[in-house]
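The values are calculated or read from the model by the stated rules, or taken from the named source; none is laboratory data. Predicted model, so just to flag it, every value in this text is computed and none were measured. Please note: Cβ atoms are built from the backbone with ideal geometry, for glycine as well, and neighbour counts cover all protein chains shown.
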Amino acid sequence: VRHLVGIKDLTESDINLILETAGQFKEVINRPIKKVPSLRDVTIANVFFENSTRTRLSFELAEKRLSADVVNFSASGSSVKKGETLLDTVNNILAMKVDMVVMRHSSPGAPHYLTKHIKANVVNAGDGTHEHPTQALLDSFSIREKLGDVAGKRIAIIGDITHSRVALSNIFCLQKQGADVMVCGPKTLIPKYIESLGVRVGHDVRAALAWCDVANVLRIQLERQQIKYFPSLREYSLYYGISRQMLDELDRPIVLMHPGPINRGVELTSDAADSPHSIILDQVENGVAVRMAVLYLLAQL
Ligand code: CP
(Lines give C-alpha, C1' and ligand atoms only; values in the text may rest on other atoms or scores of the structure.)
Protein backbone atom coordinates (compact mmCIF):
# COMPACT_ATOMS: atom_id res chain seq x y z
CA VAL A 1 0.00 0.00 0.00
CA ARG A 2 1.35 3.40 -0.93
CA HIS A 3 0.61 6.80 0.55
CA LEU A 4 1.13 10.52 -0.04
CA VAL A 5 2.23 11.87 3.34
CA GLY A 6 4.66 14.58 2.20
CA ILE A 7 6.55 16.02 -0.74
CA LYS A 8 9.78 15.24 1.12
CA ASP A 9 9.32 11.56 0.21
CA LEU A 10 8.80 12.20 -3.55
CA THR A 11 11.38 12.28 -6.33
CA GLU A 12 11.40 14.80 -9.17
CA SER A 13 10.09 12.08 -11.49
CA ASP A 14 7.20 11.31 -9.06
CA ILE A 15 6.30 15.02 -9.15
CA ASN A 16 6.51 15.11 -12.95
CA LEU A 17 4.29 12.03 -13.24
CA ILE A 18 1.65 13.52 -10.93
CA LEU A 19 1.66 16.89 -12.71
CA GLU A 20 1.56 15.34 -16.20
CA THR A 21 -1.32 13.07 -15.14
CA ALA A 22 -3.08 16.12 -13.67
CA GLY A 23 -2.75 17.82 -17.06
CA GLN A 24 -4.62 14.93 -18.67
CA PHE A 25 -7.34 15.05 -15.99
CA LYS A 26 -7.68 18.82 -16.44
CA GLU A 27 -8.59 18.19 -20.09
CA VAL A 28 -11.12 15.57 -18.98
CA ILE A 29 -12.88 17.82 -16.46
CA ASN A 30 -13.18 20.63 -18.99
CA ARG A 31 -15.25 18.37 -21.26
CA PRO A 32 -19.08 18.40 -21.12
CA ILE A 33 -18.94 14.92 -19.49
CA LYS A 34 -16.51 15.42 -16.61
CA LYS A 35 -16.51 11.91 -15.10
CA VAL A 36 -14.25 8.95 -15.83
CA PRO A 37 -14.80 5.42 -14.44
CA SER A 38 -11.19 5.01 -13.17
CA LEU A 39 -12.03 4.50 -9.44
CA ARG A 40 -15.49 2.96 -9.88
CA ASP A 41 -14.94 0.21 -7.29
CA VAL A 42 -12.95 2.33 -4.83
CA THR A 43 -14.39 3.86 -1.63
CA ILE A 44 -12.67 6.93 -0.17
CA ALA A 45 -13.20 8.53 3.26
CA ASN A 46 -12.39 12.23 3.67
CA VAL A 47 -11.54 12.46 7.36
CA PHE A 48 -11.18 16.08 8.48
CA PHE A 49 -10.16 16.88 12.06
CA GLU A 50 -9.56 20.54 11.09
CA ASN A 51 -11.59 23.09 9.15
CA SER A 52 -11.26 23.29 5.38
CA THR A 53 -13.10 24.74 2.39
CA ARG A 54 -10.86 24.29 -0.68
CA THR A 55 -9.05 21.05 0.15
CA ARG A 56 -12.11 19.20 1.33
CA LEU A 57 -14.40 20.19 -1.54
CA SER A 58 -11.63 19.70 -4.06
CA PHE A 59 -10.87 16.14 -2.85
CA GLU A 60 -14.57 15.29 -2.87
CA LEU A 61 -15.02 16.62 -6.40
CA ALA A 62 -11.86 14.82 -7.56
CA GLU A 63 -13.16 11.55 -6.10
CA LYS A 64 -16.59 11.99 -7.70
CA ARG A 65 -15.05 12.87 -11.09
CA LEU A 66 -13.15 9.55 -10.81
CA SER A 67 -16.44 7.71 -10.00
CA ALA A 68 -15.28 6.66 -6.51
CA ASP A 69 -17.77 6.20 -3.66
CA VAL A 70 -17.20 8.96 -1.10
CA VAL A 71 -17.90 9.36 2.62
CA ASN A 72 -17.14 12.55 4.53
CA PHE A 73 -16.22 12.74 8.19
CA SER A 74 -15.74 15.87 10.34
CA ALA A 75 -14.44 15.62 13.87
CA SER A 76 -17.01 18.21 14.99
CA GLY A 77 -20.31 16.39 15.41
CA SER A 78 -18.58 12.97 15.61
CA SER A 79 -17.73 10.56 18.44
CA VAL A 80 -14.25 12.14 18.63
CA LYS A 81 -16.09 14.59 20.89
CA LYS A 82 -16.83 11.63 23.23
CA GLY A 83 -13.12 10.77 23.46
CA GLU A 84 -12.69 8.24 20.63
CA THR A 85 -9.05 8.07 19.49
CA LEU A 86 -7.75 8.80 15.99
CA LEU A 87 -6.89 5.16 15.38
CA ASP A 88 -10.24 3.86 16.67
CA THR A 89 -12.04 6.44 14.54
CA VAL A 90 -10.19 5.47 11.37
CA ASN A 91 -10.40 1.71 12.03
CA ASN A 92 -14.16 2.00 12.48
CA ILE A 93 -14.44 3.86 9.17
CA LEU A 94 -12.25 1.21 7.49
CA ALA A 95 -14.44 -1.59 8.91
CA MET A 96 -17.10 -0.27 6.52
CA LYS A 97 -14.85 -1.37 3.62
CA VAL A 98 -13.11 1.91 2.83
CA ASP A 99 -10.02 1.71 0.57
CA MET A 100 -8.42 5.14 0.93
CA VAL A 101 -8.31 7.77 3.66
CA VAL A 102 -7.75 11.46 2.92
CA MET A 103 -6.97 13.09 6.26
CA ARG A 104 -6.48 16.59 7.64
CA HIS A 105 -5.28 16.78 11.23
CA SER A 106 -3.85 19.47 13.51
CA SER A 107 -0.98 17.21 14.71
CA PRO A 108 2.17 17.08 12.58
CA GLY A 109 2.86 13.40 11.79
CA ALA A 110 -0.73 12.16 12.23
CA PRO A 111 -0.97 10.78 8.62
CA HIS A 112 2.45 9.12 8.98
CA TYR A 113 1.21 7.46 12.19
CA LEU A 114 -1.84 6.15 10.33
CA THR A 115 0.31 4.59 7.59
CA LYS A 116 1.97 2.43 10.28
CA HIS A 117 -1.33 1.13 11.63
CA ILE A 118 -3.85 0.74 8.78
CA LYS A 119 -3.91 -1.07 5.45
CA ALA A 120 -5.67 1.63 3.38
CA ASN A 121 -3.87 4.25 1.26
CA VAL A 122 -3.39 7.48 3.23
CA VAL A 123 -3.33 10.93 1.63
CA ASN A 124 -2.27 13.88 3.78
CA ALA A 125 -4.64 16.84 3.32
CA GLY A 126 -2.57 18.96 5.75
CA ASP A 127 -1.02 17.92 9.09
CA GLY A 128 -0.55 20.81 11.50
CA THR A 129 2.50 22.92 10.67
CA HIS A 130 4.18 20.04 8.82
CA GLU A 131 3.14 19.36 5.17
CA HIS A 132 0.28 19.99 2.74
CA PRO A 133 1.53 18.01 -0.25
CA THR A 134 -1.42 18.38 -2.63
CA GLN A 135 -1.35 22.17 -2.12
CA ALA A 136 2.31 22.28 -3.19
CA LEU A 137 1.57 20.05 -6.19
CA LEU A 138 -1.31 22.24 -7.35
CA ASP A 139 0.87 25.33 -6.82
CA SER A 140 3.59 23.84 -9.05
CA PHE A 141 0.98 22.79 -11.63
CA SER A 142 -0.31 26.39 -11.69
CA ILE A 143 3.22 27.84 -12.08
CA ARG A 144 3.93 25.46 -14.97
CA GLU A 145 0.63 26.39 -16.59
CA LYS A 146 1.37 30.13 -16.30
CA LEU A 147 5.16 30.24 -16.90
CA GLY A 148 5.83 26.95 -18.77
CA ASP A 149 8.25 25.53 -16.18
CA VAL A 150 9.27 25.65 -12.52
CA ALA A 151 12.98 24.96 -13.18
CA GLY A 152 15.06 28.15 -12.97
CA LYS A 153 12.18 30.28 -11.69
CA ARG A 154 12.60 32.54 -8.66
CA ILE A 155 9.81 31.87 -6.18
CA ALA A 156 9.31 34.01 -3.07
CA ILE A 157 7.16 32.52 -0.29
CA ILE A 158 6.06 35.53 1.76
CA GLY A 159 4.38 35.56 5.18
CA ASP A 160 4.03 33.34 8.23
CA ILE A 161 6.57 30.62 7.42
CA THR A 162 6.80 29.30 11.00
CA HIS A 163 3.19 28.13 11.19
CA SER A 164 2.76 27.13 7.54
CA ARG A 165 2.56 23.59 6.16
CA VAL A 166 2.18 25.11 2.68
CA ALA A 167 5.63 26.72 2.95
CA LEU A 168 7.46 23.49 3.78
CA SER A 169 5.73 21.40 1.09
CA ASN A 170 6.33 24.15 -1.47
CA ILE A 171 10.01 24.44 -0.58
CA PHE A 172 10.50 20.69 -1.12
CA CYS A 173 8.39 20.62 -4.30
CA LEU A 174 9.95 23.69 -5.93
CA GLN A 175 13.55 22.77 -5.07
CA LYS A 176 13.11 19.23 -6.41
CA GLN A 177 12.07 20.83 -9.73
CA GLY A 178 15.07 23.20 -9.82
CA ALA A 179 13.53 26.48 -8.64
CA ASP A 180 15.39 29.16 -6.65
CA VAL A 181 13.32 29.68 -3.47
CA MET A 182 13.25 32.60 -1.03
CA VAL A 183 11.21 32.85 2.17
CA CYS A 184 10.38 36.38 3.28
CA GLY A 185 8.73 37.68 6.45
CA PRO A 186 9.39 39.13 9.90
CA LYS A 187 12.14 37.34 11.87
CA THR A 188 9.51 36.21 14.40
CA LEU A 189 7.69 34.27 11.64
CA ILE A 190 10.68 32.53 10.02
CA PRO A 191 12.07 29.47 11.86
CA LYS A 192 15.86 29.19 12.28
CA TYR A 193 16.01 25.71 10.70
CA ILE A 194 14.72 27.00 7.37
CA GLU A 195 18.22 28.09 6.23
CA SER A 196 19.37 24.46 6.47
CA LEU A 197 16.94 23.68 3.62
CA GLY A 198 19.01 25.83 1.23
CA VAL A 199 16.49 28.62 0.73
CA ARG A 200 17.25 32.35 0.63
CA VAL A 201 15.89 34.26 3.63
CA GLY A 202 14.68 37.87 3.32
CA HIS A 203 12.85 40.35 5.50
CA ASP A 204 12.08 43.09 2.95
CA VAL A 205 8.88 42.42 1.03
CA ARG A 206 9.61 45.02 -1.68
CA ALA A 207 13.03 43.44 -2.34
CA ALA A 208 11.41 39.98 -2.50
CA LEU A 209 8.83 41.19 -5.04
CA ALA A 210 11.55 42.86 -7.15
CA TRP A 211 13.59 39.61 -7.11
CA CYS A 212 10.95 36.99 -7.85
CA ASP A 213 9.02 35.62 -10.83
CA VAL A 214 6.30 34.29 -8.52
CA ALA A 215 5.15 35.54 -5.10
CA ASN A 216 3.29 32.88 -3.11
CA VAL A 217 1.76 34.84 -0.24
CA LEU A 218 0.72 33.10 2.98
CA ARG A 219 -1.79 33.97 5.65
CA ILE A 220 -0.90 34.79 9.27
CA GLN A 221 -2.07 31.67 11.12
CA LEU A 222 -3.37 33.11 14.36
CA GLU A 223 -4.94 29.77 15.32
CA ARG A 224 -1.52 28.10 15.57
CA GLN A 225 0.33 30.74 17.56
CA GLN A 226 1.38 29.68 21.04
CA ILE A 227 2.65 33.09 22.13
CA LYS A 228 1.30 36.59 21.83
CA TYR A 229 1.57 37.54 18.20
CA PHE A 230 4.32 39.89 17.15
CA PRO A 231 4.08 41.86 14.95
CA SER A 232 0.38 42.67 15.32
CA LEU A 233 -1.86 42.27 12.27
CA ARG A 234 -1.80 46.04 11.83
CA GLU A 235 2.00 46.12 11.92
CA TYR A 236 2.17 43.12 9.60
CA SER A 237 -0.08 44.74 6.98
CA LEU A 238 1.89 47.99 7.25
CA TYR A 239 5.31 46.37 6.66
CA TYR A 240 4.46 43.20 4.68
CA GLY A 241 1.02 43.76 3.14
CA ILE A 242 1.07 43.65 -0.66
CA SER A 243 -1.06 46.10 -2.66
CA ARG A 244 -1.94 46.29 -6.34
CA GLN A 245 0.15 49.45 -6.60
CA MET A 246 3.28 47.60 -5.39
CA LEU A 247 2.74 44.96 -8.08
CA ASP A 248 1.98 47.50 -10.83
CA GLU A 249 5.15 49.46 -10.03
CA LEU A 250 7.52 46.49 -10.50
CA ASP A 251 9.90 46.61 -13.50
CA ARG A 252 8.46 43.35 -14.85
CA PRO A 253 5.22 41.47 -14.20
CA ILE A 254 5.19 38.76 -11.54
CA VAL A 255 2.64 36.04 -10.77
CA LEU A 256 0.72 36.40 -7.49
CA MET A 257 -0.38 33.23 -5.67
CA HIS A 258 -2.08 32.48 -2.36
CA PRO A 259 -3.28 29.08 -1.06
CA GLY A 260 -6.33 30.61 0.66
CA PRO A 261 -8.08 31.51 2.80
CA ILE A 262 -6.96 35.14 2.29
CA ASN A 263 -6.98 37.59 5.19
CA ARG A 264 -7.99 40.51 2.99
CA GLY A 265 -6.35 43.74 4.12
CA VAL A 266 -3.60 41.91 6.04
CA GLU A 267 -1.21 40.04 3.70
CA LEU A 268 -2.96 41.19 0.50
CA THR A 269 -5.19 44.14 -0.25
CA SER A 270 -8.35 43.23 -2.14
CA ASP A 271 -7.19 45.11 -5.23
CA ALA A 272 -4.02 42.95 -5.32
CA ALA A 273 -5.87 39.66 -4.68
CA ASP A 274 -8.38 40.39 -7.45
CA SER A 275 -5.87 41.91 -9.90
CA PRO A 276 -4.71 40.45 -13.24
CA HIS A 277 -1.43 39.55 -11.49
CA SER A 278 -3.31 36.95 -9.42
CA ILE A 279 -3.79 33.27 -10.34
CA ILE A 280 -5.43 32.46 -6.99
CA LEU A 281 -8.63 31.02 -8.47
CA ASP A 282 -6.63 29.10 -11.11
CA GLN A 283 -4.86 27.40 -8.20
CA VAL A 284 -8.24 26.35 -6.81
CA GLU A 285 -9.42 25.09 -10.20
CA ASN A 286 -6.21 23.10 -10.68
CA GLY A 287 -6.57 21.49 -7.25
CA VAL A 288 -9.28 19.16 -8.54
CA ALA A 289 -7.18 17.81 -11.44
CA VAL A 290 -4.08 17.45 -9.24
CA ARG A 291 -6.02 15.54 -6.56
CA MET A 292 -7.57 13.32 -9.24
CA ALA A 293 -4.02 12.49 -10.39
CA VAL A 294 -2.82 11.70 -6.85
CA LEU A 295 -5.79 9.41 -6.09
CA TYR A 296 -5.67 7.71 -9.49
CA LEU A 297 -1.92 7.01 -9.29
CA LEU A 298 -2.11 5.71 -5.69
CA ALA A 299 -4.90 3.35 -6.69
CA GLN A 300 -2.63 1.80 -9.36
CA LEU A 301 0.09 0.86 -6.82
N1 CP B 1 -5.50 25.96 0.91
C2 CP B 1 -6.20 25.27 1.83
O3 CP B 1 -5.76 24.26 2.37
O4 CP B 1 -7.46 25.78 2.07
P5 CP B 1 -8.51 25.11 3.09
O6 CP B 1 -7.95 25.22 4.46
O7 CP B 1 -9.79 25.89 2.90
O8 CP B 1 -8.66 23.67 2.68
Select from segment 117-127 the residues that are at pLDDT 95 or above and over 19 Å from residue 63 (Cα atoms) and list them in ascending order.
-> 127
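Kindly indicate which of 98, 102 is farther than 25 Å from residue 175 by Cα and crowded, with 24+ Cβ neighbours inside 10 Å. Full working, then the answer.
Numbers: 98 fails: crowded, with 24+ Cβ neighbours inside 10 Å.
Just a single option satisfies the conditions, and that option is 102.
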Would you be able to tell me the number of residues in segment 257-291 that are more than 14 Å from the ligand (Cβ to nearest atom) and among the charged types (D, E, K, R)?
-> 3
If you take just the helices (runs of 4 or more DSSP H) that sit entirely in segment 155-259, which of them hold at least 1 residues that are more than 20 Å from the chain's Cα centre (by Cα) and modelled with pLDDT under 95?
-> 233-240
Could you tell me whether any residue of segment 283-292 is under 22 Å from the mean Cα position of the chain (by Cα), farther than 30 Å from residue 42 by Cα and among the β-branched types (Val, Ile, Thr)?
-> no
Which listed residue, of 168, 147, is in contact with a Lys or Arg (Cβ under 7 Å, 6 or more places away or on another chain) and either within 16 Å of the ligand (Cβ to nearest atom) or not acidic (Asp, Glu) (or both) = 147
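Looking at 26, 8, 34, which one is away from the ligand (no atom under 16 Å from the Cβ) and within 14 Å of the chain's Cα centre (by Cα)? Outline the logic, then answer.
Working: 26 fails: within 14 Å of the chain's Cα centre (by Cα); 34 fails: within 14 Å of the chain's Cα centre (by Cα).
When all the criteria are applied, what remains is 8.
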Being under 19 Å from residue 71 (Cβ atoms) and free of Cβ contacts under 8 Å to residues at least 12 places away in the same chain is the filter here, so list the residues in segment 95-117 that pass it.
-> 95
Is segment 166-181 home to any residue that is within 21 Å of residue 58 (Cα to Cα), among the small types (Gly, Ala, Ser) and assigned by TED's automatic domain parsing to the domain that holds residue 220?
-> yes
Residues of segment 37-70 being under 22 Å from the mean Cα position of the chain (by Cα), surrounded by 14 or more Cβ atoms within 10 Å (Cβ to Cβ) and of a type in the set (Val, Ile, Thr), which ones?
-> 44, 47, 55, 70
Is there any pair with a first residue in segment 119-132 that is away from the ligand (no atom under 11 Å from the Cβ) and a second that is among the charged types (D, E, K, R) and assigned to a loop (DSSP other than H, G, I, E, B) whose Cβ atoms are under 8 Å apart and which are 6 or more apart or on different chains, and what are they?
-> 120/99; 121/2; 121/99; 124/131
Go through the residues of segment 203-225 one by one and say whether even a single one is away from the ligand (no atom under 16 Å from the Cβ), under 18 Å from residue 258 (Cβ atoms) and in contact with a Cys (Cβ under 7 Å, 6 or more places away or on another chain).
-> yes
Which pairs have Cβ atoms under 9 Å, sit 6 or more apart or on different chains, and link a residue in segment 39-60 that is under 15 Å from residue 127 (Cα atoms) to one that is more than 8 Å from the ligand (Cβ to nearest atom) and among the basic types (Lys, Arg)?
-> 55/291
